[in-house]
Amino acid sequence: MAAERIDVRAIAEFEIIAKSPFLVRLGHGGIAAIFRYGALVLFNASAEEKARLLETIAAHSAGPGDIGAEEATMIHVNPEDEEGPSGPYINIKNADRLRLQLIAEVMAKATMLSFQERRAARDFDLSEPLARDLAEDGRFSAKPSELLKAVGNMLLADNRLNGRAGVLDRPDLLWDNPGLSGMYARLEGDYELHDRAAALDRKLTTLAHTSETLVDTMRYHSSHRLEVAILLLIFVELCLGLYGHFGH
């Protein structure tokens, strides 16, 4: 995951092999698939080609990426083998453009899920001490700015998965090439895209509910403090009035 979003202008410096998803030639045999939601898939790319690509992407991207969110596999080309995952390999009959695009779709979605899973785990780590504070004494030990930042991260978490990568959507190229549907189904199952997306969706829903609870709690504490301040003002006003009345 190179970023949260990549501007397609980044591919202008490379030779475009295909679109949807974009495949570009990196130079000495390396090929890359570039996805708008921040994922890069590299085929046979050298360290120099990868570095150049990341440098180019950095100038046309938004949001932080995550080097730790990465998937890797070996591709085995053999016309006699059944296409799909086989142990540590992905078998394909030939390394044509369509098959590379299809593999890139699956790998990019798997990487995006890893990216979001790591983020969700981090957001849960932020929410746990807040929940503990409420359970122990009903108050937050965090500073207001830290609390608002945590709530903001949880609210953003709710829309990270939906609308970004379309994890559960069929790749467009399958509509024109139904013969590759079996290969895609096997890859999709091997990387557990549906199960991981469902589990992540449950986590993000929990984070969204947690953020709503925190916002309501903050609102309650704010209104309570406001009520106390109003009562103090009324009390002070009464004291001043009584003093002014009986003082004379």
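Multiply the residue separation of Arg122 and Asp7 by 0.36 nm, subtract the distance between their alpha-carbon atoms, and state the gained length in nm to one decimal.
Contour length minus Cα-Cα distance gives 38.7 nm.
What is the sum of charges around Glu13, taking Lys and Arg as +1, Asp and Glu as -1, for the other residues whose C-beta is under 14 Å from the C-beta of Glu13?
With Lys, Arg at +1 and Asp, Glu at -1, the neighbours total -1.
Go through region 63-75 residue by residue and turn each phi into a ³J(HN,Hα) via Karplus (6.51, -1.76, 1.60, θ = phi - 60°); whole Hz please, and just put x for glycine and proline.
Karplus values, whole Hz, x for Gly and Pro: x, x, x, 7, 5, x, 8, 8, 10, 9, 7, 10, 9.
Give me the accessible area of Ser20, 1.4 Å probe, in Å² rounded to the nearest 10.
About 60 Å², rounded to the nearest 10.
What's the local net charge at Gly189, with K and R +1, D and E -1, over the other residues with C-beta under 12 Å away?
-2
Residue by residue, what Karplus-based ³J(HN,Hα) values in Hz, rounded to whole numbers, does region 88-98 have, using 6.51, -1.76 and 1.60 with θ = phi - 60° and x for Gly and Pro?
x, 10, 10, 8, 9, 6, 7, 8, 7, 4, 4
I'd like the trypsin sites (Lys or Arg not before Pro) in region 1-77 restricted to DSSP loop residues with at most 16 other Cβ atoms within 10 Å, sorted by number.
Lys19, Arg36
Pop out the carbon and sulfur fraction of the accessible area of region 1-85 as a percent, whole number, probe 1.4 Å.
Of the solvent-accessible surface of region 1-85, carbon and sulfur hold 51 percent.
For region 23-106, what is the accessible area per residue in Å², given a 1.4 Å probe and the full set of protein chains?
Ligands and nucleic acids excluded, the figure is 52 Å² per residue.
Tell me which residues come under 5 Å, amide H to amide H, from Ala45 once H is placed; ignore anything under 5 positions away on its chain.
Ile31
For region 1-111, what is Rg from Cα atoms divided by 2.2 N^0.38 Å, rounded to two decimals?
1.05
Determine ³J(HN,Hα), in whole Hz, for all residues of region 10-20 in sequence, where each value follows from phi through the Karplus function 6.51 cos²θ - 1.76 cosθ + 1.60 and θ = phi - 60°; x replaces Gly and Pro.
Here the 3J(HN,Hα) series is 5, 7, 4, 7, 10, 6, 7, 8, 7, 10, 6 Hz.
Report, by chain and number, residues whose modeled amide H sits under 5 Å from the one on Gly38, excluding near sequence neighbours (fewer than 5 apart, same chain).
It is Ile6, by chain and number.
The values are calculated or read from the model by the stated rules, or taken from the named source; none is laboratory data. This one's a predicted model, so the numbers in the text were calculated from it and none came from an experiment. With ideal geometry, Cβ positions are generated from the backbone for all residues, glycine too; neighbour counts draw on all protein chains shown. The accessibility values were calculated without ligands, DNA or RNA, using every heavy atom of the protein model including side chains. Shrake-Rupley method; radii C 1.70, N 1.55, O 1.52, S 1.80 Å.
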